[in-house]
């Protein structure tokens, strides 16, 4: 196990320097050290999407990403998108369409959608489904999630 060292992280626009094992999963640092609860521990294998964050604008699975790979890069979590008073447009669309049941998958669905819309502001239905294909929702809220993404796309185009 590597010795802990100072690692500088830029999370939601704030710089943090923490004494960390460089191989520690980014998810654990975000949740345990920075007390951010948006990204969730789901499978621990990078397969369910509950832990998704944006790394330099790209959706990544933080449960399998060593914190050293995020050093001096821009990390955005669900908490960094918007506020209760002024939610991000994707968050607002998920609220409007009631795109959650238990909410456990919500972090991954929203973060993946934000990344999708940043690289493709007008995705087709097939592209939306492809982007979300590896984000698991065990409650069966897929129809509401897809409606929320379609709403976010439409509202951005308006």
With the requirement that a residue be surrounded by fewer than 16 Cβ atoms within 10 Å (Cβ to Cβ) and either touching a helix residue (DSSP H, G or I) at 6+ places or on another chain (Cβ under 8 Å) or in the same structural domain as residue 57 (by TED's automatic domain parsing) (or both), what does region 102-122 give you?
120, 121, 122
Working only within region 14-23, note down all residues that are closer than 19 Å to residue 54 by Cβ and in contact with a strand residue (DSSP E or B) (Cβ under 8 Å, 6 or more places away or on another chain).
15, 16
Do we find that residue 54 is at pLDDT 95 or above, touching a helix residue (DSSP H, G or I) at 6+ places or on another chain (Cβ under 7 Å) and not assigned by TED's automatic domain parsing to the domain that holds residue 144 in this structure?
yes
Residue within region 80-87 that is farther than 24 Å from residue 28 by Cα, crowded, with 17+ Cβ neighbours inside 10 Å, out of contact with any strand residue (DSSP E or B) (no Cβ under 8 Å at 6 or more places or on another chain) and at pLDDT 95 or above present:
no
Residues of region 128-155 being exposed (fewer than 13 other Cβ atoms within 10 Å of the Cβ), over 18 Å from the mean Cα position of the chain (by Cα) and not in a loop (DSSP other than H, G, I, E, B), which ones?
143, 154
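The values are calculated or read from the model by the stated rules, or taken from the named source; none is laboratory data. Treat the numbers as computed from the prediction; the structure is a model and nothing was measured. Reconstructed Cβ throughout: ideal geometry from the backbone, glycine too, with neighbour counts over all protein chains shown.
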